[in-house]
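Reading through the structure tokens given below for one structure.
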Amino acid sequence: MPLPTPAQRQHIHTRKIDFAGYERDDGMFDIEAHLTDTKTYAFSNNWRGNIEPGVPIHGMWLRVTIDDKFVVQDVEASTDHSPFAMCPDITPAYKALKGLTMGPGWRQAVRQKVGGIQGCTHLTELLFPMATVAIQTIRPLQNHRRKLADSDSRRSAGKPFVLNTCHAWAEFSPVVKENAPDYYVPAERSERASATIATDATTPATKE
């Protein structure tokens, strides 16, 4: 369903982010990201001079290699376009992510390693959604080869990554009951469901 028709406006800026997941011949998986920022007008940059419309002010690449347990084996980062000459100098810092696991606590671990002045804002931002891209790359492929539905988590070892990360995967939802029944909790016994009901009850209704 598309968004409602917007007010009259002028296009100023475009950020494009592409993610892709690959299975390697050696059994590892590459999760890659590419980010570009472009303007619809020419503007001046102290280092690069005049930047024409459509020419990236930011252009970054990131490749994270993981195993089928989501453990980071290697990281490659590259900055093709940047507003300052020193921006590409930080890319080797992303090797510090080796050994981390994409899963619960991923964002906090990333911030500790390459957050703030230890990294590049835009490269670090790309890392956060990489965990869900990795899940979409690996889990459905494993299920496909087992002839299972893409969301079936019954063969997964341990608690599903996605449990209680959104309303569809709430422990008391029909989605969990069907796809991860070992972790299903009926709403009447779920503390999370009780908290949701309590929150809804105390939220003021908006006037139409």
- [ ] Mind sorting out which of (i) 202; (ii) 167; (iii) 122 is the real volume of the Cα convex hull per residue in Å³ computed from the coordinates?
- [x] (i)
Task: Point-to-point label distance, residue 117-residue 24, nm (Cα→Cβ direction, 7 Å offset) - done: 3.4 nm
Open item on the list: Run the simple label-point estimate for residue 101 and residue 132 please: 7 Å along Cα→C-beta, distance reported in nm.
Closed with: 2.1 nm
Open item on the list: Quick check for me: using +1 on Lys/Arg Cβ and -1 on Asp/Glu Cβ, what's the dipole size of the chain about its Cα centre, in debye to the nearest 20?
Closed with: 240 debye
Task: residue 178/residue 1 FRET efficiency (R0 22 Å; Cβ-Cβ; nearest 0.05) - done: 0.30
- [ ] Output the peptides 80-86, 8-14, 32-38, 104-110 sorted from most to least packed, where packing is the average of other Cβ atoms within 10 Å over each peptide's residues.
- [x] 32-38, 104-110, 80-86, 8-14
Task: Ranked list, fewest to most other Cβ atoms within 10 Å of each Cβ, for 144, 58 - done: 144, 58
Task: Ranking of 97, 127, 62 by count of other Cβ atoms within 10 Å, fewest first - done: 97, 62, 127
- [ ] Take peptides 131-141, 182-192 and line them up by average Cβ neighbours within 10 Å, highest first, as a rough protection proxy.
- [x] 131-141, 182-192
TODO: Please tell me which of these pairs span more than 30 angstrom C-alpha to C-alpha: 16/113; 16/159; 69/95; 147/177?
DONE: 16/159
TODO: For region 131-144, just list the computed ³J(HN,Hα) in residue order, Karplus coefficients 6.51, -1.76 and 1.60, θ = phi - 60°, integers in Hz, with x standing in for Gly and Pro.
DONE: 5, 6, 5, 4, 4, 5, 6, 8, 4, x, 5, 4, 5, 4
TODO: Obtain the nm distance between the two label points defined at residue 69 and residue 146 by a simple spin-label model: each point lies 7 Å from its Cα along the Cα-to-C-beta direction.
DONE: 1.7 nm
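Coordinate-derived values only; no laboratory data. Since this is a predicted model, take the numbers as computed values, not measurements. We place every Cβ from the backbone using ideal geometry, glycine too, and count neighbours over all the protein chains shown.
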